[in-house]
Amino acid sequence: MKRIFKLKYITLFVVAALILISRPAYAMHIMEGFLPFNWCAFWYICSLPFLIYGVVVVKRVTRDDTKLKLLLGLCGAFVFVMSAMKVPSVMGSCSHPTGVGLGAIVFGPAVMSVLGGIVLLFQALLLAHGGISTYGANVFSMAVVGPLVSYIIYILLKRAKAPVWLSVFLAASLGDLATYVVTAFQLALAFPSAGGVVTVSFVKFLAVFAVTQIPIAVGEGVITVVVYNYLTANSAEELKSLASREA
């Protein structure tokens with residue numbers, strides 16, 4: 001019971017922090033109206049299957065163990081806070097942590113597609129971050145690819161018997177970077193360089209993002225390690241329950 005109260009307090013703190021740091025933004029993810037209609041539709045189609053499957057997994061996880069709902073809420077709040085910390089970057093977007101690595105490590109990438117999708121929808125509708133037309137593109141980069149990369153990195157390092165802190169750090173950092181590699185690719189497809197060369201445009205977007213995104217990814221990795229250590233100390237039973245499902 002004491003552990004549950006601690007989780008409640010940290011969840012409330014994280015949500016309160018989100019409210020305090022949120023402010024009007026000129027860009028967040030790929031902003032509303034920035035992508036042509038055909039690319040908006042394409043990324044919606046790509047993201048939809050992951051969201052549908054994620055909803056199925058979330059329902060199954062919370063139905064089998066209701067105590068996991070609070071942990072799920074904490075991972076969602078972590079994404080809210082981390083993705084609200086933004087640094088202006090290339091036109092039509094900005095650099096920021098994603099926060100999806102923690103949830104991907106704890107629950108897996110399918111669950112994080114839903115949590116990330118909820119975060120992006122909330123930001124688009126209420127905080128003017130991102131947009132509805134570009135929602136599919138933002139979901140695919142941050143809520144699909146990012147968590148998937150984080151999960152794969154974590155599992156591979158875990159099987160290689162790497163230290164837990166290193167596995168968590170690299171999973172969160174590389175998942176963050178993967179999100180922005182995909183974002184750069186999305187922008188390059190929509191806005192190729194002169195002559196229609198996507199590769200040149202992709203490299204340019206990556207170069208601009210790297211200035212801010214690499215140090216941000218490192219910082220996100222450190223923060224994720226700290227929060228994960230807290231969870232292992234205060235939510236050991238819940239984590240064991242999730243680990244037994246994976247096994």
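Just so you know, all these numbers are worked out from the coordinates, no wet-lab data involved. None of these values were measured; they are calculated from a predicted model.
What pairs in Lys86/Lys204; Lys59/Lys158; Lys158/Lys204; Lys67/Lys161 have C-alpha atoms more than 31 Å from each other?
Values: Lys86/Lys204 20 Å; Lys59/Lys158 27 Å; Lys158/Lys204 34 Å; Lys67/Lys161 29 Å.
The pairs that break the limit, which is 31 Å between Cα atoms, are Lys158/Lys204.
Provide the per-residue ³J(HN,Hα) series for the range 182-194, in order, calculated from phi with Karplus coefficients 6.51, -1.76, 1.60 and θ = phi - 60°, each as a whole number of Hz, with x at glycine and proline positions.
Karplus values, whole Hz, x for Gly and Pro: 5, 4, 4, 5, 4, 5, 5, 5, 6, 9, x, 6, 3.
Enumerate the calculated ³J(HN,Hα) couplings along the range 213-225 in order (Karplus 6.51 cos²θ - 1.76 cosθ + 1.60, θ = phi - 60°), each rounded to whole Hz, writing x wherever the residue is Gly or Pro.
6, 5, x, 5, 5, 4, x, 5, x, 5, 4, 5, 4
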